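Below: one structure, written as C-alpha cells.
FYI, it's all coordinate maths here, none of it is from the lab. Predicted model only: the values in this text are computed from it and were never measured. Every residue, glycine among them, receives a Cβ derived from its backbone with ideal geometry; neighbour counts consider all protein chains shown.
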Amino acid sequence: MASLSKLYSKKQIDAMREQLIKENGDYCGICKKPGSAFKKRLAVDHNHKSGKIRGLLCYRCNKFQLGRHSIESVTKLLEYLLKYDLEEKFEKEGVP
C-alpha cells in the first residue's frame, strides 16, 4: 500500500493528526516524547498493507534505524506494532 499522501489529501491527514492528538495526546507512540520536543511535527503512522492509522510517531521512531536505537527502544517499537496490528487482526476476524 502507498504512503498516506497518496491515499488522503493534506487537509485530511492534518484532520487525522488533530483527532489523534485529541484522543491520545501530542506525543510519540513509541518513545513517548511530546511533540513539542521535536522540530518537525509528529507523523501520522499507518499500516502500509492495510492503510489503517496506528497513531503519531516522531521522525526518529517513524524512520526506525537499528544503529540508533537501544534494546529498550526496540522493545517499545515491537509493543507499539503488536498493539495496533493485533487489534486490526482481531477486528478482521471478529474477535472483540
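Within the set of other residues whose C-beta is less than 11 Å from the C-beta of Gly51, count the net charge using Lys and Arg as +1 and Asp and Glu as -1.
Residues near Gly51 contribute +3 overall.
What distance in nm separates the two pseudo spin-label positions at Lys32 and Ile71, each 7 Å out from Cα along the beta-carbon direction?
Roughly 1.9 nm, to one decimal.
Around Tyr8, under 12 Å between beta carbons, what's the net of Lys plus Arg minus Asp minus Glu among the other residues?
Summing Lys and Arg as +1 and Asp and Glu as -1 gives +3.
Could you work out how far apart the two model spin labels at Glu93 and Asn24 are, taking each label as a point 7 Å from the Cα in the direction of the beta carbon, and quote it in nm?
About 2.2 nm, to one decimal.
Using Cα pairs closer than 8 Å and at least 6 residues apart in sequence, work out the relative contact order for the chain, in percent.
Relative CO of the chain lands at 24 percent.
Where does the chain land at 222 nm, in deg cm²/dmol rounded to the nearest 500, when only DSSP H runs of n ≥ 4 count, each adding -39500 (n - 2.57), divided by all residues?
My calculation for the chain gives -14500 deg cm²/dmol from helical runs alone.
List the lysines whose alpha-carbon lies under 24 Å from that of Lys49, not counting same-chain residues fewer than 8 positions away?
Once the sequence-local lysines are set aside, what remains near Lys49 is Lys6, Lys10, Lys11, Lys63, Lys76, Lys83, Lys89, Lys92.
Sticking with the crude label model, points 7 Å out along Cα→Cβ, report the distance from Asp85 to Ser50 in nm, one decimal please.
Spacing of the two 7 Å Cα→Cβ label points: 1.1 nm.
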